[in-house]
Amino acid sequence: MQATRGAAVAAPAGPRAPRRTVLLLVTAATVLVMDVVSKVLIVATMKDESHPPVHVLGHVLRIVYTRNSGAAFSIGTGATVLFTAVAVAVVVVIIREARRLVSSSWALALGLLLGGALGNLVDRLLRAPGPLRGHVVDWIELPHWPVFNIADSAIVVGGALAVILAFRGVPLDRVRPGADTGNGTAAGETPDDEP
């Protein structure tokens, strides 16, 4: 809808808005369940980090049980509490944005980021050496790449998708009526365009 002088009038959220929120939450829940279940199986099967690697695809893919107190690539191993706080902040921000999403692609990206953040946050809260300082279980090893887990994979894929969406100008949320969205879509419209 257009108002006088070309200013856009906000369109109602419509039935697709809840579906985008559901997509975000289902994606996050799927990542979280896959991550937690895989880590429980690795810990139960391999017992400790001295277990020899399991070759799945020769030297291309191995299962190696490790624990990481730092961030990706074992950066900041002494800042576990800080990484826990950052993960909590990421979760809060994504949940706040969930109801304002105008794109299924953004819902998928944020769902991957949320699921990954929650997966590693569970380890930070529940694993040894204690709450907020727990070490994350990593178990997937590729050649010339640090050991990682499903949550890490979801974070990387979700982050890459978010960069692509931002680069393409796909709006994350509803903007104020009359504002220029920068992608040819009037403010208040529900573009829901896919990458």
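The values are calculated or read from the model by the stated rules, or taken from the named source; none is laboratory data. Predicted model only: the values in this text are computed from it and were never measured. Don't worry about glycine lacking a Cβ; one is built from the backbone with ideal geometry, like all the others, and counts go over all protein chains shown. Note: areas computed on protein heavy atoms with side chains; ligands, DNA, RNA excluded. Shrake-Rupley method; radii C 1.70, N 1.55, O 1.52, S 1.80 Å.
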**Request:** State all residues of the stretch 95-109 that are β-branched (Val, Ile, Thr) and touching a residue at least 60 places away in the same chain (Cβ under 8 Å); if no residue qualifies, say none.
**Result:** 102
**Message:** Where the second residue is open to solvent by 70 Å² or more (accessible area, probe 1.4 Å) and in a helix (DSSP H, G or I) and the first is within 24 Å of residue 27 (Cα to Cα) and among the aliphatic types (A, V, I, L, M) and lies in the stretch 139-158, which pairs have Cβ atoms under 8 Å and are six or more apart or on separate chains?
**Reply:** 150/34
**Prompt:** What number goes with the only condition from (1) in contact with a strand residue (DSSP E or B) (Cβ under 9 Å, 6 or more places away or on another chain); (2) within 19 Å of residue 20 (Cα to Cα); (3) open to solvent by 20 Å² or more (accessible area, probe 1.4 Å) that residue 113 does not pass?
**Reply:** (1)
**Asked** Can you tell me which of 54, 36, 93 is within 22 Å of residue 157 (Cα to Cα) and at pLDDT below 95?
**Response** 93
**Asked** If residue 166 satisfies every condition in (1) open to solvent by less than 50 Å² (accessible area, probe 1.4 Å); (2) at pLDDT 85 or above; (3) small (Gly, Ala, Ser) but one, which is the exception?
**Response** (1)
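Look through 147, 81, 102 and report the one residue that is open to solvent by less than 20 Å² (accessible area, probe 1.4 Å) and over 14 Å from the mean Cα position of the chain (by Cα). It would help to see each step written out before you state the result.
Numbers: 147 fails: open to solvent by less than 20 Å² (accessible area, probe 1.4 Å); 81 fails: open to solvent by less than 20 Å² (accessible area, probe 1.4 Å).
Of the residues listed, the single one that is open to solvent by less than 20 Å² (accessible area, probe 1.4 Å) and over 14 Å from the mean Cα position of the chain (by Cα) is 102.
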**Message:** Just to be sure before I move on: is residue 86 among the β-branched types (Val, Ile, Thr), surrounded by 17 or more Cβ atoms within 10 Å (Cβ to Cβ) and not in a strand (DSSP E or B) in the structure I sent?
**Reply:** no
